[in-house]
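Student: If you scroll down you'll find the structure; I have some questions about it.
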Amino acid sequence: MSFDKSVHLSEDQLLMAIVEESDLPISLREHLFTCPKCRADKVRFEQKLTQVGRMAKYYTPPSKQRILLPESEPRSFYLWFRGQQAAFGLALTVAMLILVVWWTAPFKITPEGGVEITAREMQEAESLMTEISILAENALPTVYLDIIGESYTGFDEEFMQFIIPSINKEPQSYDPGTKGVMPC
Amino acid sequence: MPLSDQEKHNSKAMETASQVTALVNQARAGSKSAFEQLVDLFHEDIFRMVYYRTRARMDAEDITQEIFLNAFKSLSKLKKVEQFRIWLFKIGLNRIRDFYRKKRVRSIFGAYSDDDNIDQSDTTNNDQPEALNNLMKHEFWKHIGLLLEKLSRMEREVFLLRFMDHLNIREISQVLKSSESSVKTHLYRALQKFRKESELINLLKEEVTSQ
């Protein structure tokens, strides 16, 4: 590409050269290399930027604080932790398992102790079963039993024999004109 | 044949780089004294970097302490040992971001005023040359502040890292996790705005002629 050597770099092209000279097109780079004016402009601008850095450094107060580091050495702790990673993982899993069981279990372990709780629960169950047995025997309350005349339960053996005679004993009456079994 | 200035500078930089790499390796192996040597090497750079962004000495000191403590604790996470300096800058920028976030929250609840941020450590001295120096310092930071206000966040960061922290384009792209072309674009835009800051440029000229 041909170019007019008398045409100098524009300000924007100079800025591009300051950012990265190798990014300029070859023609402009060649001009910058050979043109003393453009070279001087570039150097002048770069000096201003260098001056910014220099003044910033000059006008920065010195740090009065000393850097303090902890006593433990990072590498050794890191290595120790890496070595114990499996153990930490296992412990964490077990802890999580215990927590899950604790929250989902139907019974809870309380400070009172398991044996006492079991004894109390057994006693409650026993009284409940007694109540159920009574109800199964006489479902009606006592008041109703009195009304229907079934509240008296003191029937003796003789009375029961009268109501339901035993089949092994001899019949109480004999009538040959009627059907029946003849005694031997 | 004697070495040129550039060659001398390059060889010195390489020597420092290999020294830093060796110290970082020792520190990673558990040597606290090696890390202390690294602190000595980079303390000033990191303190200045923080000061340029906070312009308050005490805040800068506290943040610098945090940066080195953070680096000390997480040194094992550093993947490329030779990029220790870049890594420190990354930590630094994150800590500064945290600092401004906290400051914003505190200002919402009225527990922080902007006056707290003014560095008044040197303004009490009325000695004649010292007072002139303080005036110049005040003017310089005022104009830098005005310039930085006109830049976008990325332009500001790129400008500070390039011309005040003296990082090259590749290093800046690593610190900001951005492409080199993006860094160049932001730097170009920042320079366009810098060129328009006539008062700052005049101040720089005065300083050059007075030296």
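The values are calculated or read from the model by the stated rules, or taken from the named source; none is laboratory data. Please read all numbers here as calculations on a predicted model, not as lab measurements. We place every Cβ from the backbone using ideal geometry, glycine too, and count neighbours over all the protein chains shown.
Student: Mind telling me which of the residues B:GLU44, B:GLU36, B:GLU66 ends up being surrounded by fewer than 21 Cβ atoms within 10 Å (Cβ to Cβ), in a helix (DSSP H, G or I) and touching a helix residue (DSSP H, G or I) at 6+ places or on another chain (Cβ under 6 Å)?
Tutor: Sole residue among the options that is surrounded by fewer than 21 Cβ atoms within 10 Å (Cβ to Cβ), in a helix (DSSP H, G or I) and touching a helix residue (DSSP H, G or I) at 6+ places or on another chain (Cβ under 6 Å): B:GLU66.
Student: Out of A:ARG29, A:ARG39, I need the residue that is under 23 Å from B:HIS186 (Cβ atoms) and of a type in the set (Lys, Arg). Which one?
Tutor: A:ARG29
Student: Also, quick follow-up: Give the number of residues within region A:30-71 that are over 58 Å from the mean Cα position of the chain (by Cα) and without any contact (Cβ under 8 Å) to a residue 12 or more places away in the chain.
Tutor: 11
Student: Determine if region B:159-181 includes at least one residue that is among the acidic types (Asp, Glu), farther than 17 Å from A:GLY53 by Cα, part of a helix (DSSP H, G or I) and over 18 Å from the mean Cα position of the chain (by Cα).
Tutor: For region B:159-181, residues among the acidic types (Asp, Glu), farther than 17 Å from A:GLY53 by Cα, part of a helix (DSSP H, G or I) and over 18 Å from the mean Cα position of the chain (by Cα): present.
Student: If the requirement is being at pLDDT below 95, under 30 Å from B:GLU82 (Cβ atoms) and not assigned by TED's automatic domain parsing to the domain that holds B:ASP45, which of these qualifies: B:LYS142, B:LYS177, B:LYS196?
Tutor: B:LYS177
Student: Could you check how many residues of region A:109-143 are more than 30 Å from A:LEU99 (Cα to Cα) and at pLDDT below 85?
Tutor: Of the residues in region A:109-143, 10 are more than 30 Å from A:LEU99 (Cα to Cα) and at pLDDT below 85.
Student: Let me ask something else. Right, B:PHE47: facing chain A (nearest Cβ under 10 Å), modelled with pLDDT of 95 or more and under 21 Å from the mean Cα position of the chain (by Cα) or not?
Tutor: Yes; evaluated as a whole, the condition is true for this residue.
Student: Also: Checking A:ALA87 against (1) surrounded by fewer than 10 Cβ atoms within 10 Å (Cβ to Cβ); (2) under 30 Å from B:MET164 (Cα atoms); (3) at pLDDT below 90, only one condition comes out false. Which one?
Tutor: Going through (1) surrounded by fewer than 10 Cβ atoms within 10 Å (Cβ to Cβ); (2) under 30 Å from B:MET164 (Cα atoms); (3) at pLDDT below 90 one by one, A:ALA87 breaks only (2).
Student: With (1) more than 30 Å from B:LYS205 (Cβ to Cβ); (2) out of contact with any Phe, Trp or Tyr (no Cβ under 6 Å at 6 or more places or on another chain); (3) at pLDDT below 95; (4) not small (Gly, Ala, Ser) as the list, and B:LEU135 as the residue in question, which single condition is left unmet?
Tutor: Only one criterion in (1) more than 30 Å from B:LYS205 (Cβ to Cβ); (2) out of contact with any Phe, Trp or Tyr (no Cβ under 6 Å at 6 or more places or on another chain); (3) at pLDDT below 95; (4) not small (Gly, Ala, Ser) is unmet by B:LEU135, namely (1).
Student: I would also like to ask the following. So in region B:71-80, with the set limited to residues that are assigned to a helix (DSSP H, G or I) and over 21 Å from the mean Cα position of the chain (by Cα), which one is surrounded by the fewest Cβ atoms within 10 Å (Cβ to Cβ)?
Tutor: B:LYS77
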